[in-house]
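Contents: one structure, followed by commentary.
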Amino acid sequence: MSNLRQLLPPLNALRTFEAAARHGSFKRAAEELCVTQAAISRQIQVLEDFYGLKLFQRGNRKVQLTSDGHALYLATSSALHHIATASRELLRRNSLDYLALITTTAFAQLWLMPRLKQLRTQHPELQLHLISSDTNPDYQERFNAAVTLGLEEHPQYVAEYLFSEEIFPVCTPGFLQQNPQITTLEGLMSVTLLNLSASHWKARLWAPVDWSFWLKQFGLDAAKCKETMDFSHFSMLLDAVQEEVGVGLAWRHLVQPQLDAGKLVRPLAETCFADDRKHYFVCRRELAASPEMQILRNWLLEQTQDLRARPDPR
């Protein structure tokens with residue numbers, strides 16, 4: 001390594017030499033590097049003194065490489081090109097290649113995680129940094145991308161509608177077999193109803209959805225229920241449903257895989273289409289056209305296509 005340092009010329013002088021040789025002009029090199037023409041001449045002189053060779057033939061209005069200068073230029077140009085290529089790759093990896101995506105914890109665990117392997121298989125070039133939160137991100141955080149429930153307009157961000165929510169009761173097949181009366185709304189109120197706590201989910205843009213809200217859509221009073229049990233997170237509620245503690249209120253986009261696999265069932269047909277509870281893909285306007293952001297946007301739209309089977313209610 002010490003020998004390498006001894007053999008290398010002053011690197012600032014080498015960078016100056018490359019610009020002067022490429023332009024064939026000290027003046028144009030000075031303009032590119034934002035220095036004076038005299039500073040260019042001094043750096044070239046430093047390099048010529050280092051080698052003890054003339055690198056340029058100087059004319060009145062033009063400089064021309066000597067044979068020694070031409071050999072050094074070919075090596076310098078190639079080396080700087082390789083460094084620039086490596087630098088661009090490193091900068092790309094540290095910018096949008098690692099794209100930070102913010103979602104709610106339930107969306108990350110129950111919707112995104114089961115599809116993550118598929119995303120990585122289809123788009124191995126996309127490297128996500130996943131961040132989960134109980135609320136939508138604040139625009140003051142200067143986040144790159146998010147899946148939000150509800151939308152706050154902001155001039156520095158663009159949004160794409162993904163889907164609206166569909167909410168209905170779920171239980172295990174075994175629980176339904178043990179409680180056949182829950183195939184009606186009145187029978188449903190005779191068992192323990194598992195609730196996502198309204199007091200925990202305090203959000204700016206929407207009212208919480210709980211059993212009280214859901215039953216009211218069908219003219220029923222939740223106060224007449226046998227028993228309710230509250231959970232702060234939907235994943236906990238879902239665990240309790242699978243342990244057959246009771247019937248849970250569920251969101252289609254979070255439980256469809258369990259329904260398809262037969263691990264959960266819908267005990268009755270009633271459902272609530274919460275058209276005003278829209279989910280959006282939101283990203284910074286300046287990054288919206290980047291390849292990485294376009295890949296993520298298009299994939300999310302493709303994966304949520306079934307959830308948009310009903311027209312956008314806007």
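Return the residue satisfying two criteria in turn: it lies in region 152-179 and is farther than 17 Å from Asp221 by Cα and in contact with a Pro (Cβ under 9 Å, 6 or more places away or on another chain), and of such residues it is most open to solvent (accessible area, probe 1.4 Å). Top of the filtered list is Leu176.
What's the number of the condition Gly187 fails, among (1) modelled with pLDDT of 90 or more; (2) touching an Asp or Glu at 6+ places or on another chain (Cβ under 6 Å); (3) not β-branched (Val, Ile, Thr)? All conditions pass for Gly187, except number (2). For first residues located in region 229-253 and at pLDDT below 95 and open to solvent by less than 60 Å² (accessible area, probe 1.4 Å), partners that are assigned to a helix (DSSP H, G or I) and not hydrophobic (A, V, I, L, M, F, W, C) and lie 6+ apart or on another chain with Cβ distances below 6 Å form the pairs Ser235/Gln109. Of all residue pairs spaced 6 or more apart or on separate chains, those with beta-carbon atoms under 9 Å, a first member in region 176-195 that is among the small types (Gly, Ala, Ser) and a second member that is assigned to a loop (DSSP other than H, G, I, E, B) are Gly187/Asn179; Gly187/Pro267; Gly187/Leu268; Ser190/Asn179; Ser190/Cys225; Ser190/Lys226.
Looking at region 257-271, is at least one residue in contact with a Phe, Trp or Tyr (Cβ under 8 Å, 6 or more places away or on another chain), part of a strand (DSSP E or B) and of a type outside the set (Val, Ile, Thr)? No; the residues of region 257-271 include none that is in contact with a Phe, Trp or Tyr (Cβ under 8 Å, 6 or more places away or on another chain), part of a strand (DSSP E or B) and of a type outside the set (Val, Ile, Thr). Give me the residue from region 202-227 that is buried (at least 16 other Cβ atoms within 10 Å of the Cβ) and not in a helix (DSSP H, G or I) and, out of that set, modelled with the highest pLDDT. Looking at residues that are buried (at least 16 other Cβ atoms within 10 Å of the Cβ) and not in a helix (DSSP H, G or I), I get Leu220.
So which strands (runs of 3 or more DSSP E) stay within region 96-201 end to end and still have 1 or more residues that are under 14 Å from the mean Cα position of the chain (by Cα) and within 26 Å of Ile295 (Cβ to Cβ)?
Here the list reads 98-104, 127-133, 145-149, 157-170.
Among the residues of region 259-314 satisfying the criterion of being open to solvent by 60 Å² or more (accessible area, probe 1.4 Å), small (Gly, Ala, Ser) and farther than 23 Å from Glu152 by Cα, which is modelled with the lowest pLDDT? Out of the qualifying residues, it is Ala309. Entry remark, region 125-146: residues being in contact with a Phe, Trp or Tyr (Cβ under 6 Å, 6 or more places away or on another chain) and crowded, with 16+ Cβ neighbours inside 10 Å number 1 in total. Here Glu270 clears all of (1) touching a helix residue (DSSP H, G or I) at 6+ places or on another chain (Cβ under 9 Å); (2) free of Cβ contacts under 8 Å to residues at least 24 places away in the same chain; (3) of a type in the set (Asp, Glu) except the condition numbered (2).
Scanning region 81-114 for residues that are of a type in the set (A, V, I, L, M) and at pLDDT below 85 turns up Ile83, Ala84, Ala86, Leu90, Leu91, Leu96.
Selection of first residues in region 274-295 that are more than 23 Å from Leu116 (Cα to Cα) and of second residues that are in a loop (DSSP other than H, G, I, E, B), restricted to Cβ pairs under 7 Å at least 6 apart or on distinct chains, gives the following pairs, ordered by first then second residue: Ala274/Val209; Asp275/Pro313; Arg277/Trp206; Arg285/Gln156.
The values are calculated or read from the model by the stated rules, or taken from the named source; none is laboratory data. The model shown is predicted, which means the values in this text are computed figures rather than measured ones. A quick note on method: Cβ atoms are made from the backbone with ideal geometry, for glycine too, and the neighbour counts reach across all protein chains shown. Ligands, DNA and RNA are stripped out before the accessible areas are found, and what is left, the full protein with its side chains, is counted by its heavy atoms. Shrake-Rupley method; radii C 1.70, N 1.55, O 1.52, S 1.80 Å.
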